[in-house]
Amino acid sequence: MSKNLVIVESPAKAHTIEKYLGPDFQVLASVGHVRKDTKVDKNTFDVTYEIDPGHKKVISELKKAVKAADKVWLATDEDREGEAISWHLCEVLKLPKDTARITFHEITKSALEEAIKSPRTVDMDMVASQQARQTLDMLVGFDLSGIVRKKVPGAISAGRVQSPALRLVVEREQQIEKFNSKFSYKVKGDFGFEAKLNQDFDDTTSLRSFLEQLIGAKYTISAVETSPGTRKPAPPFTTASLQIEANSKLGFTTRTTMNAAQALYQAGLITYHRTDSLTLSKQAIAAMADYVEKSYGKAYVKVRNFRTKNASAQEAHEAIRPTDITRETAGKNDYERKLYQLIRNRSLATQMADAKLENTVVKITTPTPYLFEAKGEVVSFDGFLKVYGRFKENELPKLTVGETVEAKQIVARQTFSKAPARYTEGSLVKKLEELGIGRPSTYAGIMSAIQARNYVVKGESEGEERQVAEFVLKDNKISEETVTERFGANKGKLLPTPIGELIAGFLTDNFKNIVDYKFTANIEKDLDLVADHKLERVKMLRDLYGPFNDSILSAEGIERYNNARLLGHDPETGKAIYAKVGKNGGFIQLGDNEKTSGEKPRFAPLPKRKSVKTVTLEQALKQLALPALPRSLGKAKDGAEIIACSGPFGPYLKGGKYNVPLSKEFDPYTITLAEAEPLYIKKRDSYIADWGEIQIIMGAYGPYVKGPGRRNFVRIPKDVDPKTVTEAQAKSYLENKPKKRSRRPTKRTKRSAKSKKA
């Protein structure tokens with residue numbers, strides 16, 4: 001048995017570390033937290049911990065390894081969460097308080113050797129800070145979720161950090177709804193190069209008057225101004241900026257980015273990926289500068305040191321960078337390879353020279369007081385742009401003052417002002433970081449939480465079309481045309497659902513502190529003070545939880561929150577028409593509630609891309625005129641009646657004994673028999689054999705046998721023709737299907753640990 005036992009959180013991390021430390025070290029993984037908090041005393045804020053049932057086998061193996069080892073090293077991550085895991089391991093494994101604790105921000109041989117030379121003990125202030133955050137989130141989340149579920153239809157939960165994030169998305173949507181778009185005419189001239197007029201026009205009368213003055217006009221170059229410019233590289237990546245850039249450039253979600261970054265870190269390919277520091281080590285800077293000089297030449301080198309502006313940046317000591325800058329590609333899959341390339345290029349760019357630009361502004365006189373201006377920009381030295389960033393050059397022809405130029409055409413297009421842009425995952429992370437809400441490691445969880453609870457969804461619309469006016473002056477004639485353009489695309493943008501809007505409204509009305517941006521940011525500062533031994537954990541919790549608990553008690557008396565909106569009255573029956581939110585989202589209601597009126601109201605869904613706040617009476621009447629569900633579409637050619645239905649899992653078609661889920665492109669209220677029949681036939685034909693409770697179905701990944709009950713299926717071997725399988729064989733496949741692999745980690749010996757892949 002090895003003399004030294006090193007404990008980390010992740011099996012993948014253990015595998016990488018064991019390669020570097022040699023035969024005297026055994027590296028095992030705790031597989032995350034070994035204990036979980038089960039309850040909190042609201043008076044003393046003492047926490048009761050229990051061993052996670054899924055970790056009993058892991059703990060048993062760790063205890064055996066501890067007994068056999070001469071020395072134990074705790075090497076969990078260097079942030080608060082990692083510090084807490086080390087403390088839990090000390091408690092569960094009954095390790096002495098002076099057990100060696102080592103941290104490193106990259107998994108390399110030199111970093112590990114350096115860490116072992118200077119161990120410390122578990123930092124109990126950092127542990128207290130993690131406990132304070134966990135306790136606060138647990139108390140607030142439990143109490144707040146309970147009251148929200150009671151008072152808001154469709155609500156699942158509410159949290160300390162996800163609630164301000166939801167509020168941001170909802171407020172942005174409200175800004176868009178209130179935005180009053182105005183138009184103006186913007187004028188461009190084609191002189192062999194594009195130039196823009198330095199004046200917009202608000203109406204067609206003044207625009208026409210201007211264009212008429214240009215008929216037969218001569219245009220003269222009145223000024224040619226050139227000036228040098230530079231562009232500097234961006235700083236190295238922090239966790240937040242990596243998530244923002246990966247979303248913008250690669251289209252990655254925050255969760256995808258963090259998963260890929262974690263895999264790269266655990267494989268020893270990048271430095272620790274949870275950090276808000278901009279610092280780079282002297283060795284890393286020297287290595288990058290050397291690589292730049294050898295690859296691109298000395299002119300491309302410019303050594304830079306970056307300082308972290310955020311005073312609370314304490315989670316790690318370096319920005320995210322490759323551990324070996326000479327490694328050009330790395331990663332097991334496309335996600336990891338693309339992210340590694342992004343990190344490497346950004347890191348290299350930080351030690352490269354500024355890009356040098358040449359800016360040109362050309363001014364062209366007209367018979368009016370207004371001027372056309374053309375702007376050109378070309379790169380005279382690419383510098384860091386050689387490896388990172390995009391630049392679109394616009395080179396103007398050689399022009400001199402006094403020279404006349406000819407206008408091929410002048411175009412004035414009606415241009416509408418744009419509402420504030422909806423958030424993407426990346427831009428929402430950027431906003432949260434600006435406000436000081438959350439920590440780098442929590443952003444991915446926030447994005448996932450608000451979407452998993454259906455409070456926020458990603459838009460799918462490519463936008464709508466509208467007609468815009470365009471005036472063209474060409475060959476001394478003015479013509480008016482109408483062109484089509486798209487606007488309002490929301491694909492990939494974050495949109496609040498009706499339930500999300502309702503929860504945000506409820507919290508804003510009743511729990512201002514929870515959704516207040518400054519209050520939430522101040523909590524993060526208090527947690528930092530606890531970690532720095534400047535604030536006591538219990539005092540912090542008492543000061544924050546006391547007023548919050550009073551708000552919870554007050555909210556018990558609040559009526560159920562619906563925010564129903566009266567749209568008007570039905571012209572035929574005179575009954576009231578409402579837009580409301582229920583547990584499944586927004587809907588239209590004709591008539592008052594049955595308890596009030598004694599008559600059951602009628603319901604209809606909201607129109608597509610409309611919310612409770614934006615739907616009109618006219619639109620609601622059209623929805624109420626839709627046929628009721630289920631509705632018969634008619635009979636298919638095989639005689640089966642096809643019915644459009646709506647169930648708890650969404651709209652679907654029922655054809656004979658087959659149910660066909662409807663994709664978003666089909667509406668159960670308007671789908672026709674001609675559209676539905678091919679969907680039914682495809683579903684019917686996917687059934688190769690049907691013996692009642694047992695069927696053979698052709699699925700997306702090949703044929704399989706489905707048995708009674710949920711998730712009771714088994715794939716048919718590739719060398720077997722599914723059409724030849726009998727009922728008895730199908731039963732045999734089900735009875736002898738492979739058992740599901742246990743998610744618990746298997747026992748690892750020293751020998752197997754070296755050979756087993758992460």
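Residues are listed down the side, and each one gets a yes or a no for (1) at pLDDT 90 or above; (2) touching a Ser or Thr at 6+ places or on another chain (Cβ under 7 Å):
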{"residue": "155", "(1), (2)": "no, no"}
{"residue": "172", "(1), (2)": "yes, no"}
{"residue": "183", "(1), (2)": "yes, yes"}
{"residue": "189", "(1), (2)": "yes, no"}
{"residue": "197", "(1), (2)": "yes, no"}
{"residue": "214", "(1), (2)": "yes, yes"}
{"residue": "217", "(1), (2)": "yes, yes"}
{"residue": "220", "(1), (2)": "yes, yes"}
{"residue": "226", "(1), (2)": "yes, yes"}
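Summed over the range 467-488, the residues that are of a type outside the set (Gly, Ala, Ser) and either assigned by TED's automatic domain parsing to the domain that holds residue 586 or surrounded by 13 or more Cβ atoms within 10 Å (Cβ to Cβ) (or both) give a count of 9. Would you please name the residue that is modelled with the lowest pLDDT, looking only at residues in the range 599-635 that are of a type in the set (Lys, Arg), within 24 Å of residue 497 (Cα to Cα) and part of a loop (DSSP other than H, G, I, E, B)? Here the answer is 609.
When you scan the range 383-390, do you find a residue that is closer than 30 Å to residue 225 by Cβ, buried (at least 21 other Cβ atoms within 10 Å of the Cβ) and either of a type outside the set (Lys, Arg) or over 22 Å from the mean Cα position of the chain (by Cα) (or both), even just one? There is at least one residue in the range 383-390 that is closer than 30 Å to residue 225 by Cβ, buried (at least 21 other Cβ atoms within 10 Å of the Cβ) and either of a type outside the set (Lys, Arg) or over 22 Å from the mean Cα position of the chain (by Cα) (or both). State which residue is farthest from residue 148 (Cα to Cα) when the search covers only the range 555-581 and only residues that are touching a residue at least 24 places away in the same chain (Cβ under 8 Å), not in a loop (DSSP other than H, G, I, E, B) and not hydrophobic (A, V, I, L, M, F, W, C). Per the criteria, the residue is 568. When residue 230 is evaluated against the numbered criteria (1) over 21 Å from the mean Cα position of the chain (by Cα); (2) farther than 22 Å from residue 348 by Cβ, which criterion, by number, is the only one it fails? Among (1) over 21 Å from the mean Cα position of the chain (by Cα); (2) farther than 22 Å from residue 348 by Cβ, the lone unmet condition for residue 230 is (2). Take the residues in the range 115-145 that are without any contact (Cβ under 8 Å) to a residue 60 or more places away in the chain and among the small types (Gly, Ala, Ser), then tell me which one is surrounded by the fewest Cβ atoms within 10 Å (Cβ to Cβ). If we take residues in the range 115-145 being without any contact (Cβ under 8 Å) to a residue 60 or more places away in the chain and among the small types (Gly, Ala, Ser), then 118 is surrounded by the fewest Cβ atoms within 10 Å (Cβ to Cβ). Checking each residue in the range 414-447 for being surrounded by fewer than 18 Cβ atoms within 10 Å (Cβ to Cβ) and within 18 Å of residue 486 (Cβ to Cβ) picks out 415, 416, 417, 418, 419, 421.
Contact list please: Cβ distance under 8 Å, first residue in the range 195-220 and touching a residue at least 12 places away in the same chain (Cβ under 8 Å), second residue surrounded by 14 or more Cβ atoms within 10 Å (Cβ to Cβ) and basic (Lys, Arg), pairs at least six apart or on different chains. Final answer for the pair search is 195/188; 196/186; 196/188; 197/186; 197/188; 200/186. For the range 232-242, the set of residues classified as of a type outside the set (Val, Ile, Thr) and crowded, with 16+ Cβ neighbours inside 10 Å consists of 233, 235, 236, 237, 240, 241, 242, listed by residue number.
Here residue 693 meets each of (1) charged (D, E, K, R); (2) touching a residue at least 24 places away in the same chain (Cβ under 8 Å); (3) in a loop (DSSP other than H, G, I, E, B) with one exception, condition (2).
The residues on offer are 279, 271, and the sole one that is β-branched (Val, Ile, Thr) and in contact with a strand residue (DSSP E or B) (Cβ under 9 Å, 6 or more places away or on another chain) is 271. Residues that are part of a strand (DSSP E or B) and either of a type outside the set (A, V, I, L, M) or farther than 19 Å from residue 82 by Cα (or both) within the range 16-30 comprise 25, 26, listed in sequence order.
When every residue of the range 91-103 is checked against the conditions, at least one turns out to be part of a loop (DSSP other than H, G, I, E, B), in contact with a Gly (Cβ under 9 Å, 6 or more places away or on another chain) and crowded, with 20+ Cβ neighbours inside 10 Å.
Could you tell me whether residue 678 is outside any loop (DSSP other than H, G, I, E, B) and surrounded by fewer than 17 Cβ atoms within 10 Å (Cβ to Cβ)?
Against the criterion (outside any loop (DSSP other than H, G, I, E, B) and surrounded by fewer than 17 Cβ atoms within 10 Å (Cβ to Cβ)), residue 678 qualifies.
Residues that are under 20 Å from the mean Cα position of the chain (by Cα) and not in a helix (DSSP H, G or I): does the range 462-478 have at least one? The answer is yes; a qualifying residue exists.
Condition check ((1) closer than 24 Å to residue 449 by Cα; (2) assigned to a loop (DSSP other than H, G, I, E, B)) across all residues:
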| residue | (1), (2) |
| --- | --- |
| 234 | no, yes |
| 246 | yes, no |
| 252 | yes, yes |
| 258 | yes, no |
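Screening the range 172-207 for residues that are part of a helix (DSSP H, G or I) and of a type outside the set (D, E, K, R) and picking the one that is nearest to residue 362 (Cα to Cα) gives 207.
Taking residue 644 as the residue in question, decide whether it is among the aliphatic types (A, V, I, L, M) and within 21 Å of residue 586 (Cα to Cα). Taking the combined requirement at face value, the residue satisfies it.
Look at the range 281-305: where a residue is in contact (Cβ under 8 Å) with a residue 40 or more places away in the chain and closer than 13 Å to residue 386 by Cα and a partner is of a type in the set (Phe, Trp, Tyr) and buried (at least 19 other Cβ atoms within 10 Å of the Cβ), sitting 6+ places away or on another chain with Cβ atoms under 6 Å, you get 292/300.
If the condition is being of a type in the set (Asp, Glu) and touching a residue at least 60 places away in the same chain (Cβ under 8 Å), then the range 25-69 contributes 37, 61.
Answer yes or no as to whether residue 596 is assigned to a helix (DSSP H, G or I) and of a type in the set (Ser, Thr, Tyr). It is true that residue 596 is assigned to a helix (DSSP H, G or I) and of a type in the set (Ser, Thr, Tyr). All of 506, 519 fail the test of being buried (at least 16 other Cβ atoms within 10 Å of the Cβ) and either at positive phi or over 23 Å from the mean Cα position of the chain (by Cα) (or both), apart from 506.
Selection of first residues in the range 700-711 that are on the phi < 0 side of the Ramachandran plot and of second residues that are surrounded by 10 or more Cβ atoms within 10 Å (Cβ to Cβ) and aromatic (Phe, Trp, Tyr), restricted to Cβ pairs under 7 Å at least 6 apart or on distinct chains, gives the following pairs, ordered by first then second residue: 704/713; 705/713; 705/733; 706/713; 707/713.
The residues of the range 486-509 that are free of Cβ contacts under 8 Å to residues at least 60 places away in the same chain, within 25 Å of residue 252 (Cβ to Cβ) and assigned to a strand (DSSP E or B) amount to a single one, 491.
The values are calculated or read from the model by the stated rules, or taken from the named source; none is laboratory data. Only a predicted model underlies this, so the values are computations on that prediction, with no experimental measurement involved. Positions of Cβ are generated from backbone atoms using ideal geometry, with glycine treated the same way; all protein chains shown enter the neighbour counts.
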